[in-house]
Number of protein chains: 2
Amino acid sequence: MRCDVLAIGTELLLGQIIDTNSSWIGEQLAANGLDSLLQVKVGDNLERIEAVLRRMLIDADAVIICGGLGPTHDDLTREAVAAVMGATLVPNDEVAIVITQLFAARDRYMAPNNLRQALVPDGASIIAQTRGTAPGLICPVVVDGVDKVVYAVPGVPHEMKEMLERAVLPHLRERSGQAAVIVSRTLRTWGESESGLNERLDPVIDQLESVGNPTLAFLASGWEGMKVRLTAKAESEEAAAALLQPFELQIRAIVGGQVFGVDDDTMESVVLDLLRGRGWSLALAESVTGGLVAGRITAVPGASEVFRGGVVSYASDVKFRLLGVPEGPVVSEPAAAAMAEGVRRLLGSDVALALTGVAGPTEQDGMPVGTLCVGLALPDTTLTRTFRLPGQRDQMRQMSVITALDLLRRELQALPAS
Amino acid sequence: MRCDVLAIGTELLLGQIIDTNSSWIGEQLAANGLDSLLQVKVGDNLERIEAVLRRMLIDADAVIICGGLGPTHDDLTREAVAAVMGATLVPNDEVAIVITQLFAARDRYMAPNNLRQALVPDGASIIAQTRGTAPGLICPVVVDGVDKVVYAVPGVPHEMKEMLERAVLPHLRERSGQAAVIVSRTLRTWGESESGLNERLDPVIDQLESVGNPTLAFLASGWEGMKVRLTAKAESEEAAAALLQPFELQIRAIVGGQVFGVDDDTMESVVLDLLRGRGWSLALAESVTGGLVAGRITAVPGASEVFRGGVVSYASDVKFRLLGVPEGPVVSEPAAAAMAEGVRRLLGSDVALALTGVAGPTEQDGMPVGTLCVGLALPDTTLTRTFRLPGQRDQMRQMSVITALDLLRRELQALPAS
């Protein structure tokens with residue numbers, strides 16, 4: 001079954017926003033055993049949207065449209081789909097009520113044009129909106145006597161992803177009726193480059209290539225880690241899992257130390273679980289990362305059971321006065337150790353992690369851009385490490401976050417079981 | 001003149017690589033006054049590449065193809081373009097010599113298939129390769145008696161960009177014979193919904209639609225703010241600016257209070273500039289955002305001149321003990337005020353901003369998910385505000401960041417000039 005993708009928005013054609021939605025959708029379709037052979041960007045122009053959609057429906061069994069569902073004059077997806085369906089747009093009271101309630105709940109005035117989002121092509125069914133104000137649409141169309149379907153979802157990535165997983169992919173899987181399932185197992189690693197992992201895993205890769213199923217892919221994912229993904233196709237979840245398992249074990253046998261989690265694990269969630277398991281609380285002292293570590297930690301629901309808080313000691317004298325760092329170079333292992341012990345004392349936590357370094361644009365304390373010093377205060381010892389990290393300011397700061405958390409992860413896992 | 005873009009590569013459809021090339025090309029075309037109305041991704045399949053290229057050439061005057069020029073069996077752009085031209089592929093000796101010399105110069109063995117890159121459709125002219133081994137191609141085609149052109153450039157971004165600037169854009173400008181440039185002006189706003197802005201700007205939008213140039217678009221960009229973008233087409237930068245200016249003034253006259261910056265400004269950079277202008281330093285106390293505000297502030301190079309640091313007071317007793325918040329409900333305006341004054345005292349800053357709220361998943365202190373209380377301690381006054389924000393945990397936290405910084409921005413701008 002073939003499902004192509006149409007991204008709507010003049011800003012996409014002008015390069016003011018990069019279309020990441022269709023790539024993400026393509027990845028999901030592939031993971032569900034569905035082909036996506038054409039992906040198109042078109043601007044906010046009714047005639048062109050309608051024409052390209054008609055054209056795409058000749059070759060594809062289904063088309064997913066992202067964007068153009070908003071309330072404004074340049075949101076034209078509803079009109080285009082209705083035209084292709086040969087249907088009229090009908091106001092939907094339930095949708096209108098939900099939109100009105102959303103605004104009321106936020107104590108916000110609702111401009112009347114928001115009710116444009118309650119217009120539904122006659123014959124389409126609705127994907128209820130749980131995040132934004134625009135619902136998604138499932139629109140049956142007949143092309144040369146063949147039943148096809150158009151899905152319309154918002155262009156806001158988190159709204160699009162939620163609707164795709166909740167409604168569009170299940171609907172597509174059911175239509176495709178294919179027995180084959182595709183199951184992936186992602187090992188999340190940190191501490192080795194793609195080429196380094198690739199080289200060490202060469203024997204496994206050769207085996208995989210000779211059998212052809214499962215397949216292996218490396219996905220460098222910034223501060224989400226370096227992903228090693230195994231993907232198997234089989235008649236059932238169980239059969240796919242049985243194909244994956246021996247290769248996962250082989251990979252772990254070779255690079256197990258670098259594997260910090262699987263699938264949806266994040267470095268933050270793994271570290272929080274390890275601390276929770278020991279009943280230990282965490283505090284942070286951040287300089288170079290300026291709050292990014294705390295921001296990641298607190299993105300995890302339930303972090304409050306473990307995380308007490310942190311100090312962003314950006315100015316040097318805040319390090320000296322508030323954290324008791326001795327006067328001297330602040331990008332150094334002694335400074336990192338003092339920051340960790342200082343914030344542990346100040347916030348009364350069991351464990352404290354501290355980061356100081358040089359994100360650039362210029363060097364500091366004679367240390368080059370990319371230098372990261374990490375201090376880790378554990379209940380009965382404090383240790384420090386220095387790393388050299390790549391990249392521009394933003395990238396170096398993100399690498400610092402996962403590098404420091406990975407040090408904490410490894411130290412916690414190395415401790416004798418409590 | 002219309003030039004559409006075709007990106008070649010199965011990995012683009014599978015989401016293994018995000019197609020940033022067509023966005024960049026679209027930006028360049030717009031800056032040169034050329035329309036790009038359709039941008040397409042297709043996989044490494046000869047039949048489909050040829051079919052979609054034929055299709056695109058019906059509407060477009062020119063098509064730029066990125067990728068598929070490499071030496072391997074799945075690099076099929078040359079074959080597809082030759083088929084559409086109705087031409088045969090001819091080995092080009094000069095190209096073959098350059099490729100051979102490139103390998104020799106790098107002391108590398110040249111696999112014979114590299115000479116596939118010396119095949120040129122009969123009648124096409126060559127864009128000499130200066131970086132990679134594959135030359136670009138300029139391929140004249142006749143469609144329904146109309147002279148059109150297909151440009152083929154490599155998919156490697158730096159090779160593609162170099163050839164586009166050196167050969168493709170000049171060739172297109174000459175063909176188009178028009179000097180037109182396109183200039184955009186983006187007003188970044190916060191505090192009103194897209195639909196609310198749209199409604200209040202209705203009279204301006206009507207005018208713009210009646211004249212047709214400039215055009216206006218809204219771009220909801222999360223915690224980057226709600227963008228209102230004017231785009232004008234004219235013979236020169238100056239003429240375009242002259243077209244934009246009266247409409248920018250009209251928009252500012254209506255929604256000026258919401259406009260926090262233009263073009264590449266961010267809320268963080270604007271707030272830091274306002275503080276720098278008064279010689280004031282900033283400290284932060286964050287609970288609900290858990291360090292995200294500090295993380296955004298410190299992403300701005302030079303933030304250290306203004307930003308002293310912050311406290312992430314996640315656990316309630318950290319608020320009480322470290323910041324002197326009175327015992328009681330911590331999601332409240334009194335708590336936000338005490339947090340701001342406490343961190344201002346603790347870090348010795350001129351100004352302090354504090355955020356406490358409920359990101360969910362569950363309510364807290366009887367306050368619903370989405371509640372944000374902001375405290376702002378200025379040199380001689382402290383004020384507080386409560387907001388109701390939409391969205392899931394992550395979105396609510398991001399909205400909190402820009403909402404709190406926008407409050408600081410408005411208060412600083414409202415102060416008498418120093």
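The values are calculated or read from the model by the stated rules, or taken from the named source; none is laboratory data. These numbers come from a predicted model, not from an experiment. All Cβ positions, even for glycine, are placed from backbone atoms using ideal geometry, and neighbour counts span all protein chains on display.
Things to note:
- Test: residue in region B:217-226 that is more than 12 Å from chain A (Cβ to nearest Cβ) and not in a helix (DSSP H, G or I): yes
- Only one of B:G324, B:G342, B:G357 that is within 13 Å of chain A (Cβ to nearest Cβ), more than 25 Å from B:D265 (Cβ to Cβ), out of contact with any Phe, Trp or Tyr (no Cβ under 9 Å at 6 or more places or on another chain) and modelled with pLDDT of 95 or more: B:G342
- Against the numbered list (1) facing chain A (nearest Cβ under 10 Å); (2) closer than 30 Å to B:L12 by Cα; (3) at pLDDT below 90, B:H158 comes up short only at (1).
- Scanning region B:392-418 for residues that are among the charged types (D, E, K, R) and more than 28 Å from the chain's Cα centre (by Cα) turns up just one, B:E411.
- When region B:299-330 is filtered for residues that are small (G, A, S) and part of a helix (DSSP H, G or I), the ones remaining, listed by number, are B:A303, B:S304, B:S316.
- Residue that is modelled with the lowest pLDDT [pool: residues in region A:1-32 that are among the charged types (D, E, K, R) and crowded, with 22+ Cβ neighbours inside 10 Å]: A:E11
- Filter result for A:D74 (more than 7 Å from chain B (Cβ to nearest Cβ), in contact (Cβ under 8 Å) with a residue 24 or more places away in the chain and among the acidic types (D, E)): no
- Of all residues in region A:12-38, those satisfying the criterion of being acidic (D, E) and at the interface with another protein chain (Cβ under 8 Å from one of its Cβ atoms) are A:D19, A:E27.
- Selection from region A:331-354 of residues that are surrounded by fewer than 24 Cβ atoms within 10 Å (Cβ to Cβ) and part of a loop (DSSP other than H, G, I, E, B): A:V331, A:S332, A:G348, A:D350
- Within region B:372-399, if we keep just the residues that are more than 19 Å from A:G302 (Cβ to Cβ) and within 12 Å of another protein chain (Cβ to nearest Cβ), the residue that is surrounded by the most Cβ atoms within 10 Å (Cβ to Cβ) turns out to be B:L372.
- Criterion (of a type outside the set (D, E) and either within 23 Å of A:R106 (Cβ to Cβ) or without any contact (Cβ under 8 Å) to a residue 60 or more places away in the chain (or both)) met by exactly one of B:G328, B:G277: B:G328
- For region A:262-279, filtering for residues that are of a type in the set (D, E), out of contact with any helix residue (DSSP H, G or I) (no Cβ under 7 Å at 6 or more places or on another chain) and closer than 19 Å to B:G290 by Cα leaves 1.
- Residue that is farthest from B:M396 (Cα to Cα), among those in region B:259-274 that are within 14 Å of another protein chain (Cβ to nearest Cβ) and part of a helix (DSSP H, G or I): B:L272
- Residue that is nearest to the chain's Cα centre (by Cα), among those in region B:41-51 that are facing chain A (nearest Cβ under 9 Å) and surrounded by fewer than 23 Cβ atoms within 10 Å (Cβ to Cβ): B:G43
- Test result for B:T130, more than 25 Å from B:Q28 (Cα to Cα) and surrounded by fewer than 18 Cβ atoms within 10 Å (Cβ to Cβ): no
- Top-ranked residue in region B:280-321 [being more than 7 Å from chain A (Cβ to nearest Cβ) and free of Cβ contacts under 8 Å to residues at least 24 places away in the same chain; ranked as surrounded by the most Cβ atoms within 10 Å (Cβ to Cβ)]: B:S316
- For region A:374-391, the count of residues that are on the phi < 0 side of the Ramachandran plot, within 28 Å of the chain's Cα centre (by Cα) and part of a helix (DSSP H, G or I) is zero.
- Test set (1) assigned by TED's automatic domain parsing to the domain that holds A:R345; (2) small (G, A, S); (3) at pLDDT below 95 - A:G257 fails condition number: (1)
- Qualifying positions in region A:107-139 - aliphatic (A, V, I, L, M) and at the interface with another protein chain (Cβ under 10 Å from one of its Cβ atoms): A:M110, A:A111, A:L115
- Residue check, A:S221 touching a residue at least 40 places away in the same chain (Cβ under 8 Å), of a type in the set (S, T, Y) and closer than 21 Å to A:A30 by Cα: no
- Selection status of A:A104, surrounded by fewer than 21 Cβ atoms within 10 Å (Cβ to Cβ) and more than 7 Å from every other protein chain (Cβ to nearest Cβ): yes
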